[in-house]
1. Kindly work out what percent of the DSSP beta bridges joining two residues of the chain are antiparallel, to the nearest 5.
2. Go through the stretch 142-148 residue by residue and turn each phi into a ³J(HN,Hα) via Karplus (6.51, -1.76, 1.60, θ = phi - 60°); whole Hz please, and just put x for glycine and proline.
3. Please report the Cα spread of the chain along all three principal axes, rounded to whole Å, starting with the longest.
4. State the volume of the convex hull built on the alpha-carbon positions of the stretch 108-158, expressed per residue in Å³ and rounded to an integer.
5. I need the phi-derived Karplus couplings for the stretch 59-68: 6.51 cos²θ - 1.76 cosθ + 1.60, θ = phi - 60°, integer Hz, Gly and Pro marked x.
6. To the nearest 20 Debye, how big is the dipole of the stretch 9-129 about its Cα centre, given +1 on the beta carbon of each Lys and Arg and -1 on that of each Asp and Glu?
7. For the stretch 55-193, what is one quarter of the convex hull surface built on the Cα atoms, given in nm²?
8. Looking only at S40, S228, S58, which one moves most when the chain is put into a Gaussian network model with springs between Cα atoms under 10 Å?
Amino acid sequence: MPALPDPAPAVAVQTGAAVFEMRSVSRRYEVGGTEVWALSDVSLQLHEREFVVLLGASGSGKSTLVSILGGLDLPTSGTVHYLDHDLTAASDEALTRFRREHVGFVFQFYNLIPSLTAAENVALVTEIAAAPMDPRAALELVGLGDRADHFPAQLSGGEQQRVAIARAVAKRPDVLLCDEPTGALDVATGRRVLEVLARVNRELGTITLLITHNAAIGALADRVIRLSSGRIVEETRNATRGSADELVW
């Protein structure tokens, strides 16, 4: 199997204009007749080409925040804008179009179709995208060009996760939302997956938001945001971004 290129050295932070903006977003759920506030008055911007790590313990609101940014859920109050589009005022049809055209999702579990090859799993997305990458080119980007015709059962967990990343980026999304993408992987495989995400951010300029409970991963980011009990409690900026092979956890 061909190796990925050597990890890029630490780079200076360079980000552009704001693309996403959450303003005073709160999200309330009813659980067994009790109100639960998953998010409380959260304001956040994501900028062009930015790599952001969102840290927090289980139940801190990370997944809810990502679901709202990705148009999978709506806030109880507050607004979410993508460029000049108010997602909180959008119809279900408009939100579906937003997700299809602008957002890529990567989750902890790969959700590949077992009866399809890696290339065919990626093609499921490219067939409905406006200007997609070739599925095999997307697999080359994540270091799996020689595994394109293999089925998921013939791939390791890390390789399946990289297929999932290729599937997410093949439609050339404006933002890549990653929910614990290394949570089911060992350290060595997790580092490789993180380097793939960093490479996508560097080479395609895709805004990348990665949520995790692992503080060490914050070294890869332009910005690290910490959530606790549904609120942003800390935000830091890295002067330089580290490389995945330097991470220790």
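We did not get these values from a lab; they are worked out from the coordinates using the rules stated. This one's a predicted model, so the numbers in the text were calculated from it and none came from an experiment. No Cβ is skipped: glycine too gets one built from the backbone with ideal geometry, and neighbour counts run over all protein chains shown.
1. Numbers: 25 of 43 bridges.
In the chain, approximately 60 percent of DSSP beta bridges are antiparallel ones.
2. 9, x, 10, x, 8, 10, 4
3. 49, 40, 38
4. Details: hull volume 4.4 nm³, N = 51.
Taking the convex hull of the Cα positions in the stretch 108-158, it is 86 Å³ per residue.
5. Values, residue by residue: x, 7, x, 4, 5, 5, 4, 5, 4, 6 Hz.
6. Values: 8 positive and 14 negative charges, 54 e Å.
For the stretch 9-129, the charge dipole is close to 260 debye.
7. Values: hull surface 37.2 nm².
The number I arrive at for the stretch 55-193 is 9.3 nm².
8. In this elastic network of the chain, the residue with the biggest mean-square fluctuation among S40, S228, S58 is S58.
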